[in-house]
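J.: First the structure, then my questions, so here it is.
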Amino acid sequence: MEGTKVSVAHFGHPRAGTVPVASKGASGQDSPTVCERGPMSRVSTYLNFPGTTEEALTFYAGLFGTGFVGPVTRFSDMPGLEVAASERSLVMHAEVEILAGHILMATDMLASLGHECRVGNNTTIALEVDSRDEVDRLYGALSQGSTEYQAPQVMGWGQYWSTCLDRFGVRWMISSD
């Protein structure tokens, strides 16, 4: 029995092509769905740390035999951002590749800005999509019923960005250039 084709995200994954996914056919029996990898930029995991981002990502890079992807951006690198002097050298954004091209992104949470790192806000699924319309669409659906959110807006680093905690307790970050 032949399955349907579904577009899914792909970002430099070594196994390009299609992937069978089980689904219910018209007869109610499991039938494979063939997924074609689409143009979405990437899906990553975003981690928040209480001042230990650089230490954690250095550990993960060593563990997985990889390194930092791009430069480490510190809070002091952002013009006009006012943070405590003791926090200026902390990491605003850094990335490390782990397995199969998956990226861990991370930041240090700042006590001077009222941030508190805790279970529930320390891990986020980050979607980097191809358009602002897609940011708006995904944010609109995922933020329904949310009590913790930041509506889409252009941020100081240039991305159109949003975040929300969905009704199932999963935190999402959605952005586009």
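J.: When you go through (1) modelled with pLDDT under 95; (2) assigned to a loop (DSSP other than H, G, I, E, B) one by one for Leu63, which number turns out not to apply?
T.: Among (1) modelled with pLDDT under 95; (2) assigned to a loop (DSSP other than H, G, I, E, B), the lone unmet condition for Leu63 is (2).
J.: Please go through the stretch 84-109 and pick out each residue that is assigned to a loop (DSSP other than H, G, I, E, B) and crowded, with 19+ Cβ neighbours inside 10 Å. Walk me through how you get there before you give the answer.
T.: Let us first name the residues in the stretch 84-109 that are assigned to a loop (DSSP other than H, G, I, E, B), namely 84, 88-90, 98-102, 109.
Passing the criteria: Leu90, Met109.
J.: List the number of the failed condition for Ser7; all other conditions in (1) touching a strand residue (DSSP E or B) at 6+ places or on another chain (Cβ under 9 Å); (2) modelled with pLDDT under 55; (3) farther than 22 Å from Glu134 by Cβ; (4) polar (S, T, N, Q) hold.
T.: (3)
J.: Here are some residues: Val43, Val21. Which one is within 26 Å of Asp133 (Cα to Cα), of a type in the set (A, V, I, L, M), modelled with pLDDT under 95 and assigned to a strand (DSSP E or B)? Can you show your working first?
T.: On the way: Val21 fails: within 26 Å of Asp133 (Cα to Cα).
Step by step, each of Val43, Val21 is checked, and only Val43 is within 26 Å of Asp133 (Cα to Cα), of a type in the set (A, V, I, L, M), modelled with pLDDT under 95 and assigned to a strand (DSSP E or B).
J.: So which residues in the stretch 53-67 are within 30 Å of Leu138 (Cβ to Cβ) and surrounded by fewer than 15 Cβ atoms within 10 Å (Cβ to Cβ), if there are any at all?
T.: If the condition is that a residue be within 30 Å of Leu138 (Cβ to Cβ) and surrounded by fewer than 15 Cβ atoms within 10 Å (Cβ to Cβ), then Phe64 is the only one that fits.
J.: So, one more: Just name the residue that is surrounded by the fewest Cβ atoms within 10 Å (Cβ to Cβ) out of those in the stretch 125-177 that are touching a residue at least 24 places away in the same chain (Cβ under 8 Å) and among the polar types (S, T, N, Q).
T.: It comes out as Ser131.
The values are calculated or read from the model by the stated rules, or taken from the named source; none is laboratory data. Model, not experiment: these values are computed from the prediction. Please note: Cβ atoms are built from the backbone with ideal geometry, for glycine as well, and neighbour counts cover all protein chains shown.
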